[in-house]
1. At a 10 Å Cβ-Cβ cut-off, how would you order 58, 365, fewest neighbours first?
2. If the cut-off is 24 Å between C-alpha atoms, which lysines fall inside it for residue 87, apart from same-chain ones fewer than 8 positions away?
3. So what is the calculated 222 nm ellipticity per residue for the chain, using -39500 (n - 2.57) for each DSSP H run with n of 4 or more, over all residues, to the nearest 500 deg cm²/dmol?
4. With +1 on each Lys and Arg Cβ and -1 on each Asp and Glu Cβ, and nothing else charged, work out how big the dipole of region 111-368 is about its Cα centre, in Debye to the nearest 20.
5. Just to be sure I understand the curve: with the Debye formula and one point per C-alpha of region 228-343, what is log10 I(q)/I(0) at q = 0.13, 0.14, 0.18, 0.21 Å⁻¹?
6. For 241, 94, 44, what ranking results if the residue with the fewest other Cβ atoms within 10 Å of its Cβ goes first?
7. Take the chain, connect every pair of alpha-carbon atoms lying under 10 Å apart with a spring to form a Gaussian network, then pick out the residue of 87, 220, 234 with the largest mean-square fluctuation.
8. Distances longer than 20 Å among the Cα atoms of region 99-250: what percent of all pairs is that?
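Nothing in this text is a laboratory measurement; each read-out follows from the coordinates by a stated rule. These numbers come from a predicted model, not from an experiment. FYI the Cβ positions are ideal-geometry reconstructions off the backbone, even for glycines, and counts take in every protein chain you see.
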Amino acid sequence: MIKPRQFLRALVALSAGVLSGFVSLTAFAAPPAGVLDDTHANVRAVIAAQQEVTADWMRQPEVLGTAVGLDAAGNVSLLVYVDQDAKNAGEVIRNLPRNHGGVAVQVALTDKFRAMAKPGGGGGGTSHTAKQSLPIQLGTSGGWSKDLANGYCCGGTLGSLVSIGGVQHILSNYHVFEADTVNGGNGTTAQTGDPVIQPGLIDVNCQVANAQTVATLVKKSSLPNSNVDCSIAKVVTGAVRTDGAILEIGPISAQTVSAAIGQGVKKSGRTTGLTRSSISGLNATISVQYDNECAGGVAFTKTFTGQIVVSNNGSRFLNSGDSGSLMVEDVATRPRAVGLLFAGSSSTAIANPIGQVLSFLGATMVGN
């Protein structure tokens, strides 16, 4: 018997897998030369088509987002993310056009995108969950010191070091540091000045006394109204390496780099440790659901635009607890930052472009 998911994948192959034949009729007759960033002519052409259809297609709850990516032949195409668990997914796929204005349309099945702040499995060879000697390296378990409610404790990753007005701050996600917005299960909400700890509560049996304060929260409230999921905490003097070294990556560059399709990237995070992947999509419009506190109710659903998509097969690149990890280019020494990871599914990871994050915060990367 064919299982529903197998049927959907067969339907995708029939409906969208033959799209390279349509591409040959367009301006994208062969895999394009040059760096496939958002300045490339073929990428810009697909972005134009994407802008025409995304709002309409995403009125269907089964459509979770769109992005600019590649088809199986390496041609630039319009990716449509469809919820593989939705009852009407098959019908939605059948009704999607095979191309729009000469631009190929490619279906990508995925489970729902979620903010990744809760715990998952263990890390790699270097522990990203252990309590470190001061000053700590980043890419480690950490979070808001009061992130405990409804019988659970939560946390994420202390991602990297940034400078604001000459003062060093730890960079992570809004939903790691300050997502507690209701008194709810713990009788409090996140406030400026609250301790940010290492490791996070999820790695010290929910006992804050077993962790150490390394910074204090500076509320920026990036969500729900901005296009980035970021937050910062002012470093406690002597608690964090001043060069901003990240576990298994080391010091990074003070410069940043724009994302490009096919670009190799890596990250160091609480749950999966040091992992590598490649960018599979640009200019993504993605819908992500957020809770109002640890294991709390739904606070809001946020649609982000202009995001970076990364391959995440089997959640091997990014998993729950890795939220807040800095994504950098995959080079051996002093890599440049590409994006701030914050959400994903079992097949796809999502990052805010680092330029958008730094602009929102008025910050610069700490590095050489």
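1. So the ranking, lowest neighbour count to highest, is 58, 365.
2. Result set, ordered by chain and number: 3, 112, 302.
3. -4000 deg cm²/dmol
4. For region 111-368, the charge dipole is close to 260 debye.
5. -0.56, -0.65, -1.04, -1.31
6. 94, 44, 241
7. Residue with maximal mean-square fluctuation among 87, 220, 234: 87.
8. 50
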